[in-house]
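A short worksheet on the structure shown next.
The values are calculated or read from the model by the stated rules, or taken from the named source; none is laboratory data. This is a predicted model, so every value here is computed, not measured. Here the Cβ positions follow ideal geometry from the backbone for every residue, glycine too, while neighbour counts run over all protein chains shown.
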Amino acid sequence: MILLLLVLDSEADRALVSDLFASNYHRMKRAALAILREPDAAEDAVQDTFVRCMKKIDTLRALPTYARSTYLLTALKHNALNRARKERAHMNVPTEEFELPDETASVEERAINSLTVAEVKEAFTKLPDSLKDVLRYKYLLELRDGEIAKALGISKSTVRVYLTRARRTVLNLCREDGYEKESV
């Protein structure tokens, strides 16, 4: 961070960014960690956010003091969600981690839980991308419906509809492929 401060022209700008970093770093790191779930990725997101904000130093300077922290936190959340989205697009779904919660499981979830990993994996590959995305966010990244809605740019109710549709589609695809067990 110290080397990045040298890029700024004035001592006042360096002091402003340094103070913002010192007072907001830990809060921003926690927020990034909640989204990215990996300390190194969270640290990268925080650093990248400060670099981007340094390019908009005029905007930061123009904001009232109380609004600067909110501005930084919002920028960080957008940055972290974009990183999660890019990572998700490049990752190969590890089917061993595709576990559905048992406690509040719907009928579809309980039926899917009785399927083998191979059956779910095969059905998952046949889903449309929109349904795959929602399932990945929900069960692999463990995001809440509101976070998924923000990441995908859809409403919370649409997230719930997509989750239900995705689970039913997986179950129906497995049944079409010869899966005939009774749902729990």
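Worth pointing out:
- Selection within segment 1-46: residues that are at pLDDT below 80 and part of a loop (DSSP other than H, G, I, E, B). The member of this set that is nearest to Ile57 (Cα to Cα) is Leu8.
- Residues of segment 30-43 that turn out to be in contact (Cβ under 8 Å) with a residue 12 or more places away in the chain and among the acidic types (Asp, Glu), as a count: 1
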